[in-house]
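For reference, the structure is listed below as structure tokens.
The values are calculated or read from the model by the stated rules, or taken from the named source; none is laboratory data. Keep in mind the model is a prediction, meaning the values are calculated, not measured. We place every Cβ from the backbone using ideal geometry, glycine too, and count neighbours over all the protein chains shown. For the accessible areas, the whole protein counts, side chains as well, though only heavy atoms, and no ligand, DNA or RNA atoms are used. Shrake-Rupley method; radii C 1.70, N 1.55, O 1.52, S 1.80 Å.
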Amino acid sequence: MAINNAYLNGIYEELAARYAEQTEFLEAVHEVLETLVPVVEADPRYEQQNIIGRMVEPERTILFRVPWVDDAGKVQVNRGYRVQFNSAIGPYKGGLRFRNNVNLSIIKFLGFEQIFKNALTTLPMGGGKGGSDFDPKGKSDAEVMRFCQSFMTELVKHIGPDTDVPAGDIGVGAREIGYMFGQYKRLTNSFTGVLTGKGLTYGGSLARTQATGFGLCYFANAYLKANGQSFEGKTVIVSGSGNVATYANQKATQLGGKVIAMSDSNGYIVDENGIDFKVIQVIKEQKRARIKTYLDYVPTAKYVEGCKGIWTVKADIAMPCATQNEIDEESAKAIVANGAIGVFEGANMPCTPEAIAVIKGAGLLYSPGKASNAGGVATSGLEMSQNSERLSWTFDEVDSKLKGIMETIYADCAAAAEKYATAGDIQAGANIAGFLKVAEAMLAQGVCY
Ligand code: NDP
């Protein structure tokens, strides 16, 4: 586990001692620091100015109480978080996650990853993340609204269109963004682009809903093409059935692939004829039902209880689009044994370090989420541009910009890998390319953070 550079290893060990309980955050930091060894060795300024020691501490961490009243009239309390990690290249930008397992470690890991991801998009956005241990699943619309209003009543003090612009993530979709935007507008008496992922009737961008899933496939397609491959005729596993997974399915299918398995946190479905993303939209976006109800629409499909088994399904391409650490070493071995050619991450940090070692060790293509799922935040950046201009671009305009951005991210990661690490090591290339941009901005701005 030791990092092969005294400066970087010292930073990691200090962090591990101080935040021993923040396992997800430490995992994310270790993964990045390991790949920065050749960069730090090539340029002494990063150590002299302690750029990395500064980068691993958030500029600001906000924790707050979120009281709300449930439908029975009982007062409930949840915890709210916003971690403003790095503003060197733009206002803090990153989603809000509402799920019962949210804690400071998870928000810090996501915020840390977001710094590099946002830098890779080529747009001027710093890194941040937030959320709550409130889970909208099983709550009425009125309960979700009261929670969102209470959450925003505190968050409003810390965000703004030029300061910090949150978006959605797990558990935060169009409904939650709408309620939070309404409350922000009421409290500030201003109509600004303070949140992204907004509805189309009040400043949202066309193609934002599809952006992360589409972007993932544009990135994967560029990566496959560089290796003489494509989606054409390939079977694909897409885990999850939320925002990222649904539109990854749509685009992978449009590119000639066949998505044969999808999941939720209860279990997974297999449909060898290909899963129609429109059925998933109905189940998840309209009915907010479980994935097993897919069998009501397609009785020939199969449902298996327990989500982990999805990685034992034989397929050519794996796209984890559910949550962190969903592919462990055992699942990675199953993917490799089934003869897959690549694993492209749609979720944030869905593969454990042991799983990544198995995947890369077997010579599969592998892209980290911070590169391949950057299409969501990139399109949020495009939503911010449209809000500032007070104009709306067409679906095709946004989609074609998204495609261009994802292809550029792939090219930048490949170039950084070739220059500093091993040619084709997209994991290292993503960390290095993202780091260089933020580090240069931090050096130029002096010791302000
Ligand atoms: P959603 O809430 O829309 O969907 C999450 C999906 O994952 C649901 O189907 C959920 O099932 C499933 N899920 C959650 N936990 C597990 C688990 N342990 N095993 C299997 N399935 C699980 O979230 P998003 O699609 O927005 O986000 C998915 C991932 O993508 C996250 O890692 C997020 O951080 C990342 N991401 C999202 C972006 C976006 O634009 N939305 C941008 C970049 C990254 P259930 O219904 O049972 O909870």
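List of remarks:
- Condition check for Glu345: under 17 Å from Asn118 (Cβ atoms), in contact with a strand residue (DSSP E or B) (Cβ under 7 Å, 6 or more places away or on another chain) and not β-branched (Val, Ile, Thr): yes
- Region 219-270: number of residues that are among the β-branched types (Val, Ile, Thr) and open to solvent by less than 10 Å² (accessible area, probe 1.4 Å): 7
- Identity of the residue in region 287-301, assigned to a helix (DSSP H, G or I) and within 11 Å of the ligand (Cβ to nearest atom), that ends up surrounded by the most Cβ atoms within 10 Å (Cβ to Cβ): Ile291
- Candidates Val313, Val336, Val304 - the one that is closer than 20 Å to Ala248 by Cα, open to solvent by less than 50 Å² (accessible area, probe 1.4 Å) and more than 9 Å from the ligand (Cβ to nearest atom): Val313
- Count - residues of region 169-218 that are among the polar types (S, T, N, Q) and either open to solvent by less than 30 Å² (accessible area, probe 1.4 Å) or near the ligand (Cβ under 10 Å from one of its atoms) (or both): 6
- Of all residue pairs spaced 6 or more apart or on separate chains, those with beta-carbon atoms under 7 Å, a first member in region 166-182 that is farther than 10 Å from Gly197 by Cα and a second member that is at pLDDT 95 or above and polar (S, T, N, Q) are Ile170/Thr323; Tyr179/Gln149.
A quick yes/no check of all residues on (1) more than 22 Å from Glu21 (Cβ to Cβ); (2) of a type in the set (Ser, Thr, Tyr); (3) within 14 Å of the ligand (Cβ to nearest atom):
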site	(1), (2), (3)
Lys93	yes, no, yes
Asn100	no, no, yes
Asn103	no, no, no
Leu110	no, no, yes
Asn118	yes, no, yes
Thr122	yes, yes, no
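- Taking the numbered list (1) closer than 30 Å to Leu26 by Cβ; (2) surrounded by fewer than 16 Cβ atoms within 10 Å (Cβ to Cβ) in turn, Val343 passes all entries but (2).
- Checking the stated criteria, Gln281 turns out not to satisfy the condition of being in the same structural domain as Gly342 (by TED's automatic domain parsing), farther than 22 Å from Ser331 by Cα, open to solvent by 70 Å² or more (accessible area, probe 1.4 Å) and more than 9 Å from the ligand (Cβ to nearest atom).
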